[in-house]
Amino acid sequence: MHSKVWDSIFRSKLPINTNLDRSLVIFNSLTLHIHPVKVREKAIKFSYTFYLGMISFFLFIILIVTGVLLMLYYQPAIPNAYENMKDLQYVVSNGMFLRNLHRWAAHLMVISVFLHMIRVFYAGAYKPPREFNWVVGVVLLVLTLLLSYTGYLLPFDQLSYWAVTVGVNLIQYIPVIGEKTKFLFLGGHEIGEYTLVRFYVLHCVILPLVMVLLIAFHFWRIRKDGGLH
Ligand code: HEM
């Protein structure tokens, strides 16, 4: 019924009539394999999860798309960074909209990830066998906050400069490793070109990469822990 090209890409044969056929579609696909083959009816009700996990994921996708577009107009250098921001606001078509979309999605993601954690806590879904996925979730929360923090420096205006100054000054009070960690973040003794480049690489490459891998693992783990609690 289908061409050889179709069959070479999709292993499952149509038509799909039985539950076995349906399961095979999931098992035979790398992308679908992340989903459970069966879901409990109560788990897909809005009032059960308030879709907070998916909303967090959706916001993350918006952030990736708008972030990549913002990268087209941004240079992590002084004074270019600040000028690029002003150009985005006043010169680039829809630049202000793009920047605000990225900013608002970032604020909303922090809120939705936090609310998702509260939901999981009140459902008691942190208990075995889901305790490791809770730990993965905590790392995801920390990553979300780090992404938010590193992004804050990038416009390199007065607000960024002083917010990051306060942040790294707090880090230096961590016992033993405080001073070294502060130096590592700043790429020197005070905020400057190297700090900006470090925050840029963390914000645009390292943290998003780790986030993508961990989110995929988080989803796969939900399936392996027997679906939603
Ligand atoms: C980037 C951040 C995150 C994303 C995109 C995300 C995504 C999701 C999604 C889509 C689900 C399934 C639907 C739902 O429960 O809403 C889920 C479930 C879960 N999440 Fe997250 N999550 C994130 C952060 C967290 C955090 C911060 C925690 C806890 C500290 C956490 C712990 C869990 C657990 C234990 C489950 C399974 C819940 C159950 O079985 O009922 N996640 N996550």
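Computed from the coordinates by the stated procedures, all read-outs in this text should not be read as laboratory data. No experiment lies behind these values; they were computed from the predicted model shown. Neighbour counts are summed over all protein chains in view; Cβ atoms, including those assigned to glycine, are modelled from backbone coordinates with ideal geometry.
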Legend entry - GLN172 versus LEU108: modelled label distance in nm, points set 7 Å from Cα along the beta carbon direction: 3.9 nm
Inset, instruction - Determine the gain in length on full extension of the stretch ARG22-ILE9; use 0.36 nm per residue of separation and subtract their C-alpha separation, reporting nm with one decimal. - result: 3.0 nm
Inset, instruction - Can you tell me the 0 to 90 degree angle between the C-alpha axis of helix 80-90 and the longest principal axis of the chain, rounded to 10? - result: 70 degrees
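Please find the FRET efficiency linking LEU145 to ALA216, where r is the Cβ-Cβ separation and R0 is fixed at 22 Å, and quote it to the nearest 0.05.
My answer for the efficiency is 0.65.
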Inset, instruction - Please list the radius of gyration and Dmax for segment 132-185, considering alpha-carbon atoms only, with Å as the unit. - result: 13.3, 41
Legend entry - Globularity index of segment 1-122, i.e. its alpha-carbon radius of gyration over 2.2 N^0.38 Å: 1.58
Legend entry - Label-point separation in nm, ILE118 to LEU159, each point 7 Å along Cα→Cβ: 2.4 nm
Legend entry - Sum of side-chain charges, TYR173 neighbourhood, beta-carbon under 12 Å (Lys, Arg +1; Asp, Glu -1): 0
Inset, instruction - Treating the angle as unsigned and between 0 and 90°, give the value, to the nearest 10°, between the Cα long axis of helix 207-224 and the longest Cα principal axis of the chain. - result: 30 degrees
Inset, instruction - Over all alpha-carbon pairs in the chain, figure out the percentage whose distance exceeds 25 Å. - result: 54 percent
Legend entry - Rel. contact order, % - alpha carbon contacts under 8 angstrom, at least six apart, segment 56-224: 24 percent
Inset, instruction - Quick one: dipole size for the chain, taken about the Cα centre, charges +1 on Lys/Arg Cβ and -1 on Asp/Glu Cβ, in debye to the nearest 20. - result: 1100 debye
Legend entry - Helix 158-171 axis, angle to the chain major axis (alpha carbon atoms, nearest 10°): 80 degrees
